[in-house]
Amino acid sequence: MLTGAIPLQGRTARVLDQSQLGQIHDTSFRILAEVGVEFRDETALEIFRNHSGATVEGGKVFFSRKLVEWAINQAPGKFTLRARNPANDVHLGEGHTYFTSGFGATFVCDSVQHTYRKATLADVADYVRVADKLENVHFVLTAFIPQDINPAIAEIYVAALQFANTEKHVEFGTPDSDYVDAVWEMGQLVAEAAGVEGPLYSLGCTINSPLQYAREALPKLIHAAKRNIPFKLVCGALAGATAPVTLAGALAQQNAEILAGVTLCQLVNPGCPVIYGTFVGGMDMRTGKWGAAGPEMSLATSASAQLCRMYDIPLGYGTAGIAEARVPGVRAGFEKGLTNLAAALCGVEVIHDAVSGLLAGAMAISFEQLVIENEFANWIKHFLRGIPVDEGTLAFDVIKEVGPGGNYLKQWHTAKRFKQEHFISSLLNRKYLLEWPVSEEEDLVVQARHCVEEILASHRPVELDADVKRGIQAILTRIGGERVIF
């Protein structure tokens, strides 16, 4: 098991009772049967036409309950997200909670210059190396969309840099489905050289809520299903804008949208691995902004975890840890700490963006905040472990030996167990000095910056073979990339 994964141990707080869960389930099936879902791709529509239980009218598909229930039963409840180093494999469906890095920012929050700057390919490589080192990043996402390269191929370059700079599982987007074969070739080169059975990456799409799969998403879905590439079906609807303002209605719509995608995947290749994903949140009616750190998203994520347990489909993308705060600080800690803890307490299997550094509603990333969040995750892991109770931890013999008025500092029991029993932070100190202003050494962001600098100066994942690098560079050149990265 990957170091740092959290056993759930029955720890599943609930936001819905069984009756409410059933009502959402039933309503989503009514949506599929009576409202339908639009698929803007002729290949996908032809797949539906060739199977009973799906009725196609124009670009819209209507689903029978029997067909969707068949698809849910076909989708595997357990599978592994493979990594270049098998010690980093992520085993979904086996009762653990994992954390991911961040996804999709375009700016770096520079705490030294006190500014935001456009992200570059160099930032991508640095971020992935830091994420590779941090023990609470269990797999690595496309953190930045670099702004110093042709946007049409930017995410393909990101994929290459992810393969090169981490030994963990990677996930990325491909905005143009024409490039999914190029990514497959890269992944095969890396997997074969490492002697690991792939794929070493996962793909996904965000559904166009309400109730539509976009033309550019569907070839990726079909490609992934055919090759058994784990595929994330993600709903990011805004309650009040692209979903009903009520969370119950938004969840029913989300569930219908995702189950429609599950059904298509299973029709393409029964048993292919699919992942349920959500970043549903409320829309701030004052500004039109996404409530990235509001309790609505935590509630939707937690309810989605319950739905996934009912369907036995992994919730491999339950979003938390995104701050609306624009810089590291009290507000960022407030927003990230609460949303991550809520998701973990509700048994979310993969907390997407949990150790991410994402700020400003996911527009920017702070490297320092990334390190701080790794420490948040250590606190959460310690809390979720609970209190082990057995003969050794009850310590009756030690209590008897010390007796009234004694102390436990010299006891072997204390020396042997304190590191497991007590949370000891490498980043947070307990110097209770009543001084103002706080010295630079006491500043958390500065301490985190030193940690980032140390990782970048010293940490190198196992390097890709020279032949693999040449092969990846040749693929990049073939698709029109002029930048040499190896």
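Each reported figure results from applying straightforward, stated rules to the coordinates on display, with no laboratory input. Because the structure is predicted, anything quoted here is derived from the model rather than measured. Cβ atoms come from the backbone with ideal geometry, glycine included; neighbour counts cover every protein chain shown.
Here are a few things to note about the model shown:
- Cα-based reach from Lys381 at 19 Å (exclusive), listing lysines while leaving out same-chain residues under 8 positions away: Lys133, Lys336, Lys419
- Over the chain, dividing the summed -39,500 (n - 2.57) contributions of all DSSP H runs of at least 4 residues by the number of residues returns a 222 nm mean residue ellipticity of -13000 deg cm²/dmol.
- Extending 7 Å from the Cα toward the beta-carbon at both Asn429 and His91 defines two label points whose distance is 4.0 nm.
- Charge dipole of the chain about the Cα centre (unit charges at C-beta), most positive-ward option of Thr477, His114, Val350: Val350
- By the beta-carbon count within 10 Å of each Cβ, the least crowded to most crowded order of Lys336, Lys232, Lys118, fewest first, is Lys118, Lys232, Lys336.
- Within the straight-line cut-off of under 15 Å between alpha carbons, the aspartates and glutamates reachable from Lys400 are Glu391, sequence neighbours fewer than 8 places apart in one chain being disregarded.
- Each principal axis of segment 165-211 carries a Cα extent, and these read 43, 21, 19 Å when sorted largest first.
- Cβ-to-Cβ counts within 10 Å put Val462, Val452 in ascending order as Val462, Val452, the fewest first.
- Partners of Lys118 within straight-line reach, counting aspartates and glutamates whose Cα lies under 18 Å from its Cα and excluding those fewer than 8 residues away in the same chain: Asp110, Asp126, Asp148, Glu155, Glu368.
- Surrounding net charge for Phe231, when Lys and Arg each add one and Asp and Glu each subtract one, Cβ distance under 11 Å: +3
- Kirkwood hydrodynamic radius of segment 99-188, from the reciprocal of the average inverse Cα-Cα distance over all distinct pairs: 13.4 Å.
- Computed about the Cα centre, the dipole magnitude for the chain is approximately 600 debye when only Lys and Arg (+1) and Asp and Glu (-1) carry charge, each at its Cβ.
- In order along segment 449-457, the Karplus-derived 3J(HN,Hα) couplings, from 6.51 cos²θ - 1.76 cosθ + 1.60 at θ = phi - 60°, round to 4, 4, 5, 4, 4, 5, 5, 5, 7 Hz, and Gly and Pro are given as x.
- Residues Trp184, Trp290 arranged by fewest to most Cβ contacts within 10 Å: Trp184, Trp290
- The chain: mean projected area of Cα convex hull, nm²: 26.5 nm²
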